[in-house]
Amino acid sequence: MATHSLFLLPGDGIGTEIMVEVEKLIAWTNAEGLTDFSTDSGLAGGAAYDAHGVAITDEDVAKAKAADAVIFGAVGGPKWDNVPYEHRPEAALLRLRKELAVFANLRPAICYPALASASSLKKELVEGLDILIVRELTGGVYFGEPKTITDLGNGQKRAIDTQVYETYEIDRIARVAFDLARTRGGKVHSADKKNVMKSGVLWDEVVRNVAKDYADVELHHILADNAAMQLVRTPKQFDVMVTDNLFGDILSDVAAMLTGSLGMLPSASLGAPDPVTGKRKAFYEPVHGSAPDIAGKGIANPIAMIASFAMALRYSFNMIELATQVENAISAVLSDGLRTGDIAQDNCKTVGTEEMGAAILAKLKR
Ligand code: NAD
């Protein structure tokens, strides 16, 4: 029996095309004896709706829960724009996140040297950038109750969203951030709005308490609005940034764009460690969607998907060396001047999905 199990959900559009490149990588690492992964695949999003009339079947959810890690492509597309709301492709993602209880969303923003000049910021500001944003994913204002729009009867309406956090939710996300900082630059910035929000006051109090267990990690407090400014002013001052669901949604997108194209951005979502095995439920996916405009053309950038797999190696299986080798292989093909259309540059060779995947694998083989 294989040591580790992966459940692959390619999804729709380019999701299926970029997953093929990850499957080739897995086949190679297994063949080389570097890993011992068993893989199984399922349907998610529009593909599942076409086959079963739902965004994901109970059977596939059960397989996702049983696997050591889920590797997800992307879902959606115009074909499914008018399916019943509860069966829309994104419902697969929401259900999986909920059932796996993945509360910690990790969004790295790494600027590969070869792409530094493609950033919207000056090259010297982003060259060598390596930030990790840790966003709380299952609480806060997106889920807090009450969440209502009330007609006041005088031609006015009142809308309410509720920002709510409890100690345990802040404690567990802070621990993820501190644990990760220990494996990186040893620095955590905690971003909140404690100057105007009670949830921010509690956020800061709990984070400071957690910091007492991590004397080797530097903790800095930063107001979330200042964090947005600093990210575009001097982004390299950051190592790990931990923040709530709302601020994390925005700050992670800001950080991501420092590094260039959507096609380059991986992500991980982690749950709590199992009390017996210590294993966390984990979900890895590129940040981008199913890109219907380029689906089926063989030109999608597979790097976000491959980098998401590298995150799985790092965070689910502690295969740090292999993860680093995959990341270095990505960096090396970019330095060689290979580009997919979304990151095309003068004096570089534009290639398709398969050629980019093959080039990364060829670097690894060396
Ligand atoms: P998108 O991320 O799919 O595409 C935005 C733009 O970026 C497009 O021009 C696309 O061609 C380009 N792009 C994205 N990934 C690329 C890649 N790997 N290589 C090259 N170019 C790439 O976002 P969208 O167009 O707003 O949404 C399309 C569909 O995807 C919608 O149905 C949306 O609901 C869905 N979506 C799904 C997810 C997910 O599955 N996690 C996330 C976002 C959007």
Report summary line: Just one listed residue, out of Arg184, Arg172, is at pLDDT below 95 and closer than 21 Å to Tyr315 by Cβ, and it is Arg184
Query raised in the report: How many residues, within segment 55-79, are farther than 17 Å from Phe317 by Cβ, assigned to a loop (DSSP other than H, G, I, E, B) and in contact (Cβ under 8 Å) with a residue 24 or more places away in the chain?
Result: 5
Query raised in the report: Residues Val134, Val75: which one is more than 15 Å from the ligand (Cβ to nearest atom) and either over 19 Å from Ser267 (Cα atoms) or touching a helix residue (DSSP H, G or I) at 6+ places or on another chain (Cβ under 9 Å) (or both)?
Result: Val134
Query raised in the report: Hey, any hits in segment 183-193 for a residue that's in a helix (DSSP H, G or I), under 25 Å from Thr234 (Cα atoms) and of a type in the set (Val, Ile, Thr)?
Result: no
Report summary line: Screening Arg107, Arg97 for residues that are within 16 Å of the ligand (Cβ to nearest atom) and open to solvent by 60 Å² or more (accessible area, probe 1.4 Å) leaves only Arg97
Query raised in the report: Looking at this structure, is Lys236 outside any strand (DSSP E or B), surrounded by fewer than 17 Cβ atoms within 10 Å (Cβ to Cβ), touching a Leu at 6+ places or on another chain (Cβ under 7 Å) and charged (D, E, K, R)?
Result: yes
Query raised in the report: Would segment 339-356 turn up any residue that is open to solvent by less than 10 Å² (accessible area, probe 1.4 Å) and of a type in the set (Gly, Ala, Ser)?
Result: no
Report task. State whether the residues of segment 42-60 include one that is open to solvent by 60 Å² or more (accessible area, probe 1.4 Å), more than 16 Å from the ligand (Cβ to nearest atom) and touching a helix residue (DSSP H, G or I) at 6+ places or on another chain (Cβ under 7 Å). Result -> no
Query raised in the report: Any residue in segment 63-74 that is open to solvent by 60 Å² or more (accessible area, probe 1.4 Å) and out of contact with any strand residue (DSSP E or B) (no Cβ under 9 Å at 6 or more places or on another chain)?
Result: no
**Report entry** Selection within segment 243-284 - over 30 Å from Ala66 (Cβ atoms) and away from the ligand (no atom under 13 Å from the Cβ)
**Finding:** Thr243, Asp244, Leu246, Phe247, Ile250, Leu251, Val254, Ala255, Leu258, Thr259
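The values are calculated or read from the model by the stated rules, or taken from the named source; none is laboratory data. Every value quoted in this text rests on a predicted model; they were computed, and no experiment measured them. Please note: Cβ atoms are built from the backbone with ideal geometry, for glycine as well, and neighbour counts cover all protein chains shown. When the accessible area is computed, the model is the full protein with side chains, heavy atoms only, and any ligands, DNA or RNA have been set aside. Shrake-Rupley method; radii C 1.70, N 1.55, O 1.52, S 1.80 Å.
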